[in-house]
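One structure is given below, encoded as structure tokens.
The values are calculated or read from the model by the stated rules, or taken from the named source; none is laboratory data. Since this is a predicted model, take the numbers as computed values, not measurements. With ideal geometry, Cβ positions are generated from the backbone for all residues, glycine too; neighbour counts draw on all protein chains shown.
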Amino acid sequence: MTTLRRLIARTARSVTSMRTRASLSASSFHANGDRASAVEEANASLDETFGLGGVRVGGGGDDAAPTGRLTHVDERSGAASMVNVGSKPSTSREATASARVWLGAEAFALVRENRMKKGDVLATARIAGIMGAKKTHDLIPLCHAIAIDAVKVDLTLNESERAVDIVAVASCTGKTGVEMEALTAAAVSGLTIYDMCKAVSKDIVIGDVRLEAKVGGKSGNWSRREIE
């Protein structure tokens with residue numbers, strides 16, 4: 001939990017720095033009318049704040065081979081845009097995402113014993129995750145509506161952490177990836193657990209929502225490498 005708090009604090013500082021730089025970039029844009037310059041300033045802010053180098057604004061399709069550029073920002077105008085995937089072939093794709101919900105001793109015991117007043121927490125969260133995956137395009141502004149082939153959500157009680165571990169797997173045959181659907185499934189499952197347990201504890205923490213692996217698409221297969 002200490003590591004999680006440090007990560008949250010670091011992210012908050014990074015976001016504050018990004019907002020400051022974004023404000024300066026916007027001022028420069030309005031003063032000079034130079035859209036390309038504003039985009040380049042945004043790229044510089046990303047590089048300086050996160051030290052990633054490879055994360056850039058502009059580029060091609062959702063899951064194109066890494067080009068070092070963000071794909072949902074128009075390079076010429078600097079405006080958010082939906083990627084055109086009309087010319088891409090439909091291929092088989094799969095994505096796995098995970099999340100963890102730290103409950104605390106009392107709430108964890110009630111979930112484990114299925115004694116929460118709202119009912120079966122794990123079963124409800126599983127269905128909520130599946131429903132969330134199917135609504136992803138309604139929740140994420142620039143996400144395509146895709147025909148999902150399957151969504152599976154597994155929830156496991158983690159005794160040592162007094163937490164629920166969530167793993168969501170989504171698959172489709174389409175022109176763009178299914179990562180956002182898997183991530184949404186994991187996140188919505190976590191939110192549902194929180195909702196069903198919040199009467200018992202306000203100290204519940206939802207965290208570690210992340211992509212674990214993807215299969216298919218132009219960028220090929222990817223699996224998270226443990227860096228901890």
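For this structure, a couple of remarks:
- Number of the exception - residue 222 against (1) of a type outside the set (S, T, N, Q); (2) surrounded by fewer than 22 Cβ atoms within 10 Å (Cβ to Cβ); (3) touching a residue at least 40 places away in the same chain (Cβ under 8 Å): (3)
- You will find that of 188, 209, 153, 169, the residue that is in the same structural domain as residue 100 (by TED's automatic domain parsing), under 16 Å from the mean Cα position of the chain (by Cα) and in a helix (DSSP H, G or I) is 188 and no other.
- Some residue of the range 124-131 being modelled with pLDDT under 95, touching a strand residue (DSSP E or B) at 6+ places or on another chain (Cβ under 9 Å) and not hydroxyl-bearing (Ser, Thr, Tyr): no
- Selected residue (criterion: farthest from residue 208 (Cα to Cα)) from residues of the range 87-125 that are acidic (Asp, Glu) and in a loop (DSSP other than H, G, I, E, B): 113
- If you filter the range 65-105 down to residues that are among the hydroxyl-bearing types (Ser, Thr, Tyr) and modelled with pLDDT of 85 or more, you find that the one that is surrounded by the most Cβ atoms within 10 Å (Cβ to Cβ) is 96.
- Those residues of the range 133-175 which are among the small types (Gly, Ala, Ser) and more than 26 Å from residue 113 (Cα to Cα), in sequence order: 133, 145, 147, 150, 170, 171, 174
- Only listed residue being surrounded by fewer than 19 Cβ atoms within 10 Å (Cβ to Cβ) and touching a residue at least 24 places away in the same chain (Cβ under 8 Å), chosen from 157, 183: 157
Let's see how each residue does on (1) farther than 17 Å from residue 104 by Cα; (2) surrounded by 19 or more Cβ atoms within 10 Å (Cβ to Cβ); (3) out of contact with any Cys (no Cβ under 6 Å at 6 or more places or on another chain):
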site: 163; (1), (2), (3): no, yes, yes
site: 191; (1), (2), (3): no, no, yes
site: 201; (1), (2), (3): no, no, yes
site: 209; (1), (2), (3): yes, no, yes
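- Residue within the range 191-205 that is outside any strand (DSSP E or B) and of a type in the set (Asp, Glu) present: yes
- Looking only at the range 114-140, and only at residues there that are of a type in the set (Lys, Arg) and surrounded by 12 or more Cβ atoms within 10 Å (Cβ to Cβ), the one that is nearest to residue 99 (Cα to Cα): 126
- Residue in the range 126-140 that is under 23 Å from residue 87 (Cβ atoms) and not in a helix (DSSP H, G or I) present: yes
- Test: residue 80 is assigned by TED's automatic domain parsing to the domain that holds residue 166 and touching a residue at least 40 places away in the same chain (Cβ under 8 Å): no
- Of all residue pairs spaced 6 or more apart or on separate chains, those with beta-carbon atoms under 8 Å, a first member in the range 113-126 that is farther than 16 Å from residue 191 by Cβ and a second member that is surrounded by 11 or more Cβ atoms within 10 Å (Cβ to Cβ) and of a type in the set (Val, Ile, Thr) are 114/121.
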